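The values are calculated or read from the model by the stated rules, or taken from the named source; none is laboratory data. Treat the numbers as computed from the prediction; the structure is a model and nothing was measured. With ideal geometry, Cβ positions are generated from the backbone for all residues, glycine too; neighbour counts draw on all protein chains shown. Calculation scope for accessible area: heavy atoms of the full protein, side chains included, ligands and nucleic acids excluded. Shrake-Rupley method; radii C 1.70, N 1.55, O 1.52, S 1.80 Å.
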Amino acid sequence: MRERELSDGVITLSPLQPEDVEPHLAGEDELLVRWLNGGPGTREGVEAYVRHCRDQWEGAGPLRAFGIRAGADRILAGTVDLRFAGEGLAPGQVNVAYGLYPSWRGHGLATRAVLLVMRYAASEGAAEAVIQVDPDNPGSGAVARRAGFTPVGRTRRQDGTRFDRYVRDLRGGAAEQPGSGS
């Protein structure tokens, strides 16, 4: 497996591991269930997801899922993932999704994680990053704007789910951090 570890000196991103199952289950709350996970996690479900993520890394699949790790102890604070293919993505686009556990929110970690994965996505050939945000989730939209994304309108998936769509060019060094990352 092609291991990747990214760090900005405050957070470290690394692929999800089996030992992340417990911290994820402990950190999951109603907001993560609503806006990111699609349903409450179970041990079996999270273990299967982590195996799937590792398989994606090993096979160079379209999903790259990272744990967001904070502090010297690299405590799992949330996740950020990239999807290099999927509904509503054009060739060269990558979808960015992120979520933090409650005690880690409000400290700029999601913005830092997005900035780090954008550099990785650009190095993997992505030309544009896309963030799709539930219109009822203003915090996630704020992360997108702080990370230099531009709102481009509202979209509707085939299942009827509405999203505010944000984009950011990743070419020519555009994935560099626009500000302090907070």
Calculate, in whole percent, how much of the Cα-Cα pair population of region 128-171 lies beyond 14 Å.
43
Antiparallel as a % of all DSSP beta bridges within the chain, to the nearest 5?
90
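Report, in cubic angstrom per residue, the convex hull volume of the C-alpha atoms of the chain.
On the way: hull volume 21.0 nm³, N = 182.
Per-residue hull volume (Cα only) is 116 Å³.
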Rounded to the nearest Å, what's the spacing between the alpha carbon centres of region 52-66 and region 14-49? Just the number, please.
16
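Mind ordering 149-155, 62-68, 166-172 by average Cβ neighbours within 10 Å, highest first?
Values: 149-155: 13.4, 62-68: 21.9, 166-172: 16.6.
Ranked by mean Cβ neighbours within 10 Å, highest first: 62-68, 166-172, 149-155.
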Using the Karplus curve 6.51 cos²θ - 1.76 cosθ + 1.60 with θ = phi - 60°, what ³J(HN,Hα) values do you get for each residue of region 64-79, in whole Hz, with x for Gly and Pro?
10, 9, 10, x, 8, 10, 10, x, 4, 7, 6, 6, 5, 9, x, 9
With every protein chain kept in place and a 1.4 Å probe, the chain has an accessible area per residue in Å² of 48
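Run the helix sum for the chain: -39,500 (n - 2.57) per DSSP H stretch of 4+ residues, divided by residue count, reported at 222 nm to the nearest 500 deg cm²/dmol.
Details: 4 runs with 47 residues, N = 182.
Rounded to the nearest 500, the figure is -8000 deg cm²/dmol.
Just to confirm the filter: which GluC sites (Glu not before Pro) across region 1-83 are DSSP coil and have at most 16 other Cβ within 10 angstrom of their Cβ? Don't jump to the answer; show the numbers that get you there.
Numbers: sites: E3, E5, E19, E28, E30, E44, E47, E58; in loops: E3, E5, E28.
Passing sites in region 1-83 are E3, E5.
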Using the Karplus curve 6.51 cos²θ - 1.76 cosθ + 1.60 with θ = phi - 60°, what ³J(HN,Hα) values do you get for each residue of region 51-59, in whole Hz, with x for Gly and Pro?
4, 4, 4, 5, 4, 5, 4, 5, x
Need one number: nm distance between label points at A142 and D159, each 7 Å from Cα along Cα→Cβ, rounded to one decimal.
2.7
Taking only C-alpha pairs under 8 Å that are 6+ residues apart, what is the relative contact order of region 106-171 in percent?
39
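Given charges of +1 on the Cβ of Lys and Arg and -1 on the Cβ of Asp and Glu, with all other atoms neutral, how large is the dipole of the chain about its Cα centre, in debye to the nearest 20?
Values: 22 positive and 24 negative charges, 124 e Å.
For this selection, approximately 600 debye.
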